[in-house]
Amino acid sequence: MKNVCLAHNCIKCCLKTQMALNDSDIRKIRGLGFKNFFKVNKRGMRQLKNHNGKCVFHNGKICKIYNSRPIGCRLYPAVFDEFENKVILDNHCPFREEFRLTSTISQKIIKLLNELDENKRK
């Protein structure tokens, strides 16, 4: 999925992000030496912080942790639509037509949601 975003220099999903993080994401990013990069929202979900309206890891041109970015970032624009109760390509992604939603991606989204729900209950 990365090539589409990079090809279009698109960072829309990095603006005012609310990207949820699982335990693995947090361990991986901490392993890179970063601290204080996430917050816990009102629903108890850990999510990336923003700085100047962008993901804390985005400097306006590139993601500083691109190769180690969270699984949700890797799977985007695939998201779970709670109203439709299914995985879709996010309508906010301006290049969503250039992505393919496969059953493997859908399964990864469902797995991530289950992990996030489990983490919230800890």
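Along the Cα→Cβ direction, 7 angstrom out, place labels at N9 and L32. What is the inter-label distance in nm?
2.2
Given +1 on the Cβ of Lys and Arg, -1 on the Cβ of Asp and Glu, and no further charges, what dipole in debye does the chain carry about its Cα centre, rounded to the nearest 20?
Working: 25 positive and 11 negative charges, 139 e Å.
It comes to approximately 660 debye.
Specify which labelled value, from (1) 12.6, 34; (2) 13.1, 41; (3) 14.1, 40, agrees with Rg and Dmax of the Cα atoms in Å derived from the coordinates of the model shown.
Label (3) holds the value from this structure.
Determine the relative contact order of the chain: mean sequence separation of Cα pairs under 8 Å and six or more apart, normalised by residue count, in whole percent.
Working: 129 pairs, mean separation 33.7, N = 122.
That works out to 28 percent.
State the Cα centre-to-centre distance between the stretch 50-122 and the stretch 1-37 in whole Å.
Computed from Cα coordinates, the inter-centre distance equals 9 Å.
For N85 and E118, compute 0.36 nm times the residue count separating them, minus their Cα-Cα distance, and round to one decimal in nm. Before the final figure, lay out the partial values.
Working: separation 33, 0.36 × 33 = 11.88 nm, distance 1.89 nm.
Gain on extension, N85 to E118, equals 10.0 nm.
Provide the per-residue ³J(HN,Hα) series for the stretch 23-30, in order, calculated from phi with Karplus coefficients 6.51, -1.76, 1.60 and θ = phi - 60°, each as a whole number of Hz, with x at glycine and proline positions.
Coupling constants for the stretch 23-30: 4, 4, 4, 5, 4, 4, 5, 4 Hz.
Give the residue list of GluC sites (Glu not before Pro) in the stretch 53-122 that are DSSP loop and have at most 11 other beta-carbon atoms within 10 angstrom.
Numbers: sites: E82, E84, E97, E98, E115, E118; in loops: E82, E84.
Sites meeting the loop and neighbour criteria: E82, E84.
Positive end of the dipole of the chain, charges at C-beta (+1 Lys, Arg; -1 Asp, Glu), about the Cα centre: which of V79, I11, S106 has its Cα farthest in that direction?
Among V79, I11, S106, the one farthest towards the positive end of the dipole of the chain is I11.
Residues of the stretch 3-17 with the amide nitrogen closer than 15 Å to a label point 7 Å from the Cα of R100, along Cα-to-Cβ, please.
Only 3-4 fall inside the zone, counting backbone N under 15 Å.
Each value in this text was obtained by applying a stated rule to the coordinates, not by laboratory testing. Note that the structure is a prediction, hence the values are computed from the model and not measured. With ideal geometry, Cβ positions are generated from the backbone for all residues, glycine too; neighbour counts draw on all protein chains shown.
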